[in-house]
Amino acid sequence: MSDSLLFVPCYNVALACSELPVQHAIKSTLKFLLLVILLNLVRYFVAGPIEGLLIVERVFNAMADSPFYFNTQFTTFDWVTSFFYNFMIWLTCTWVYAKMHHSFRGNPVVKSLQVYGLMFLFFASVSAVYMNHYSHPKDFYIYNILDGLVVFPIVAVANGLLYPLFFGRTDRTD
């Protein structure tokens, strides 16, 4: 079954698959959500320590230097919101990968780095717009972009390694 049409049912049930279209859609959706959960774990448990060594202190210092702009006293709701925001980032990146990976050449890791690189450019652009248009401390957004340079490639490599396990090989050799 093709992973390029995530969430699109299998129409030729007799020839292409042994499950009903609704079952296929549910199964694909659950596999996709499990993949995104695993990528979030990679983000926190693999990229997190590296990010902690390289950039987190600078980000937190920028926030602490401007308490008027930043909430540094996180409540449980703030943490839930932060985790949800990160989940949505990786869900979006992975969904875009699922839709675009056939347009790229190379092995799944290379394709993933290309797609996640495009998504990083969008992420960095949004940060740059905020940096340019608002009076928030500019260094926070620079550190935020540098943080993305650390995290996006790590999650992209994980996606390139895990995606084929969930949805089959995605290599294109031509």
I want to confirm something. Restricting to the stretch 121-139 and keeping residues that are open to solvent by less than 30 Å² (accessible area, probe 1.4 Å) and out of contact with any Ser or Thr (no Cβ under 7 Å at 6 or more places or on another chain), which single residue is modelled with the highest pLDDT? A124
The lone exception for S103 - which of (1) open to solvent by less than 80 Å² (accessible area, probe 1.4 Å); (2) closer than 24 Å to F32 by Cα it fails: (1)
Filtering the stretch 73-83 for residues that are surrounded by 10 or more Cβ atoms within 10 Å (Cβ to Cβ) and of a type in the set (S, T, N, Q) leaves a count of 2
Q114 fails exactly one of (1) in contact with a strand residue (DSSP E or B) (Cβ under 8 Å, 6 or more places away or on another chain); (2) touching a residue at least 24 places away in the same chain (Cβ under 8 Å); (3) open to solvent by 50 Å² or more (accessible area, probe 1.4 Å); (4) of a type outside the set (A, V, I, L, M), namely (2)
For the stretch 161-174, pairs from a residue that is under 13 Å from T94 (Cβ atoms) to a residue that is of a type outside the set (D, E, K, R) and at pLDDT below 55, with Cβ under 9 Å and 6 or more apart or across chains, are F167/M1; F167/S2; F167/S4; F167/L6; T170/S4
Suppose we filter the stretch 19-40 for residues that are modelled with pLDDT of 95 or more, surrounded by 14 or more Cβ atoms within 10 Å (Cβ to Cβ) and aliphatic (A, V, I, L, M); how many remain? 4
Condition set within 15 Å of L161 (Cβ to Cβ) and small (G, A, S), scope the stretch 99-125, selection nearest to the chain's Cα centre (by Cα): answer is S112
If we keep only residues of the stretch 6-15 that are exposed (fewer than 13 other Cβ atoms within 10 Å of the Cβ) and assigned to a helix (DSSP H, G or I), then the residue modelled with the highest pLDDT is L15
Could you grab me the full set of residues in the stretch 98-111 that are at negative phi and in contact (Cβ under 8 Å) with a residue 40 or more places away in the chain? A98, K99, H101, H102, F104, R105, N107, P108, V109, V110, K111
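The values are calculated or read from the model by the stated rules, or taken from the named source; none is laboratory data. If you're wondering where the values come from, they're calculated on a predicted model, not measured in any experiment. Please note: Cβ atoms are built from the backbone with ideal geometry, for glycine as well, and neighbour counts cover all protein chains shown. With ligands, DNA and RNA removed, areas are computed over all heavy atoms of the protein, side chains included. Shrake-Rupley method; radii C 1.70, N 1.55, O 1.52, S 1.80 Å.
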